[in-house]
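> Please find one structure pasted underneath; my questions will follow.
Bear in mind these aren't lab numbers, they're just calculated from the coordinates by the rules spelled out. Everything quoted here is computed from the prediction, not taken from an experiment. Ideal geometry is used to build each Cβ from the backbone, glycine not excepted, and the neighbour counts take in all protein chains shown.
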Amino acid sequence: MAVEDLGDKVRIVHPKNPDTSAVILKYGATVISWKEKGQDQLWLSEGAKLDGLKPVRGGIPLVFPVFGKQKDENHPTFKLPQHGFARNSTWEFLGQTSEEPVAVQFGLGPENVDKELYSLWDEGKNDFTLILTVTLAEDSLTTRIEVENTGNNTFDFNWLFHTYYNLDDVTDTLATNLMDLQCFDQLLGEHYVEKLPMLSFQEEFDRIYKNVDLHKVIQLVDRGNVVLTLERDNLPDAVVWNPWIKKSEGMADFLPKDGYLKMLCVEPGHVALMVKLTKGEKWSAAQKMIPLGEIKVQTNIYEA
Ligand code: BG6
């Protein structure tokens, strides 16, 4: 069967290739596994809680309606916890929408969110529908989100696919095509223009790259081989994160303790600015993840 509802999760399998599959936990509509020809492309902590008690450490947690912790105390998202409530609410499984590629949908509305948590967002004034579509093709996984304002109150929000990739060794991995972009280094608390032609990872890393041209792909390259090509639709920003030793030690659900060497988060989102939706308006965005690929150099390292 291509789609199996297993109660707390949904498993989808490619109709032509049983080694290509994905598992989506209803809690957070978190994709917790995506196997391409038997290889899991996503990193999932061995200590990840999958019982709905806390957001999943690994896979693809969904960040809405705020990225990180809101600093502006007058903003309606100020009282919400870090990364909002989509990743810690149980979504409804809406069913299969396509056979090949195989696609499934999940939905979230205020009725699915813990009442207390929901009321922390603008005193519960915002009515919304989120629809997540997960599409598994033989050579890619696409996650698409649609946000609709179904109420009378205008609201604004951040969106982010907080994707954890599985790597052989992060110290052998480079991330490409982010040169010459404005970035905010969350560790230094500084804004600057990224000058590295390729990012490498030898210590804690937490940067938000802004306005990454949508025609650019972000690639992960391991010792000369492209291991991931990431395409984005309507998601201008990208967060690149690795907690490294000290930060991951402080996370009880981050296991094994040297797991930071085996993962990297590349998180396409709309986080530098918020999206505003008035009554009845809709917004949609997606990421397409392709294992492997030809190297695409889309930065000019020769121009000053
Ligand atoms: C990243 C942020 O997106 O998420 C980091 O840039 C943050 O600053 C990380 O530490 C993990 O957040 P959390 O809430 O899942 O521990």
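> Using only the alpha-carbon atoms, what does the range 88-247 span along each of its principal axes? Please give whole angstrom values in decreasing order.
Dimensions of the range 88-247 along the principal axes of its Cα atoms: 47, 42, 32 Å.
> Could you please report the charge total around Asn225, scoring K, R as +1 and D, E as -1 over all other residues with beta-carbon less than 13 angstrom from its beta-carbon?
Net charge in that neighbourhood comes out at -4.
> Amide H to amide H, which residues 5 or more places from Tyr27 or on other chains are under 5 Å from it, using H placed in the peptide plane?
Sorted by chain and number, the residues that satisfy this are Trp91.
> If R₀ is 22 angstrom, what is the calculated FRET efficiency for the pair Glu190 and Asp156, using the beta carbon separation as r and rounding to 0.05? Please report the intermediate quantities before stating the final value.
Working: r = 25 Å, r/R0 = 1.15.
After rounding, the FRET efficiency stands at 0.30.
> Which residue fluctuates most in the GNM of the chain (Cα springs below 10 Å): Val134, Val56, Val226?
With Cα springs under 10 Å in the chain, the top fluctuation among Val134, Val56, Val226 is at Val226.
> Then there is this: Within 14 Å, Cβ to Cβ, of Asn153, how many net charges do the neighbouring residues add up to if Lys/Arg are +1 and Asp/Glu are -1?
Cβ neighbours under 14 Å give a net charge of -3.
> While we're on this one: Tell me, what are the semi-axes, in whole angstrom and largest first, of the equivalent ellipsoid of the range 88-132 as set by the roots of 5 times the Cα gyration tensor eigenvalues?
Semi-axes, largest first: 27, 9, 6 Å.
> Quick query: amide H of Ser98 versus all other amide H atoms, modeled in the peptide plane; which residues come in under 5 Å with a sequence gap of 5 or more or a different chain?
Here Ala103 satisfy the definition.
> Out of the range 214-304, which chymotrypsin sites (Phe, Trp or Tyr not before Pro) are coil in DSSP terms and have no more than 16 other C-beta atoms within 10 Å?
Tyr302
> Considering the range 38-103, what Rg and Dmax in Å follow from its alpha-carbon atoms?
Both quantities, over Cα of the range 38-103: 15.5, 48 Å.
> Which whole-percent values make up P(r) of the range 198-304 when all C-alpha to C-alpha distances are grouped in 5 Å steps starting at zero?
Histogramming the range 198-304 at 5 Å steps yields 2, 10, 17, 19, 18, 15, 10, 5, 3, 1 percent.
> Got a sec to turn the phi values of the range 238-254 into Karplus ³J(HN,Hα) couplings, 6.51 cos²θ - 1.76 cosθ + 1.60 with θ = phi - 60°, whole Hz, x for Gly and Pro?
9, 9, 10, 9, 9, x, 6, 5, 5, 5, 5, 4, x, 9, 4, 8, 9
> Now for a separate question. To the nearest 0.05, what FRET efficiency results for Asn234 and Leu117 with a Förster distance of 25 Å applied to their C-beta separation?
Efficiency computed from Cβ-Cβ geometry: 0.40.
> Okay, next question. At Glu203 and Lys37, where each label point lies 7 Å from the Cα along Cα→Cβ, what is the point-to-point distance in nanometres?
Label-label distance for Glu203 and Lys37, simple model: 3.8 nm.
> Let me ask something additional. In what order do Thr299, Thr30, Thr135 fall by count of nearby beta-carbon atoms within 10 Å, going from fewest to most?
Starting with the residue having the fewest Cβ neighbours, the order is Thr299, Thr135, Thr30.
> Dividing the Cα radius of gyration by the Kirkwood radius, what Rg/Rh value follows for the chain? Don't skip to the answer; put the middle values down first.
Details: Rg = 18.6 Å, Rh = 19.6 Å.
Reported Rg/Rh, Kirkwood definition of Rh: 0.95.
> Between Asp51 and Asn74, what length comes free when the chain is fully extended (0.36 nm per residue of separation minus the Cα-Cα distance, one decimal in nm)?
Length difference between fully extended and current span is 4.9 nm.
> Next up: Could you calculate the FRET efficiency of Thr278 with Glu100 from 1/(1 + (r/R0)^6), where r is the beta carbon distance between them and R0 is 35 Å, rounded to 0.05?
Details: r = 37 Å, r/R0 = 1.07.
That pair, Thr278 with Glu100, gives E of 0.40.
> Further, regarding this structure: What residues have an amide H closer than 5 Å to that of Arg207, excluding those fewer than 5 places away on the same chain, when H is modeled at 1.01 Å from N in the peptide plane?
When sequence neighbours closer than 5 places are left aside, the close amide H contacts are Gln186, Val240.
> Which lysines have a Cα lying under 19 Å from the Cα of Lys247, excluding residues fewer than 8 positions away in the same chain?
Leaving aside lysines fewer than 8 places away in the same chain, those within reach of Lys247 are Lys49, Lys54, Lys69, Lys257, Lys262.
> I would also like to ask the following. Mind listing which trypsin sites (Lys or Arg not before Pro) in the range 30-138 are in a DSSP loop and have 10 or fewer other Cβ atoms within 10 Å?
Within the range 30-138, the qualifying trypsin sites (Lys or Arg not before Pro) (loop, at most 10 other Cβ atoms within 10 Å) are Lys71.
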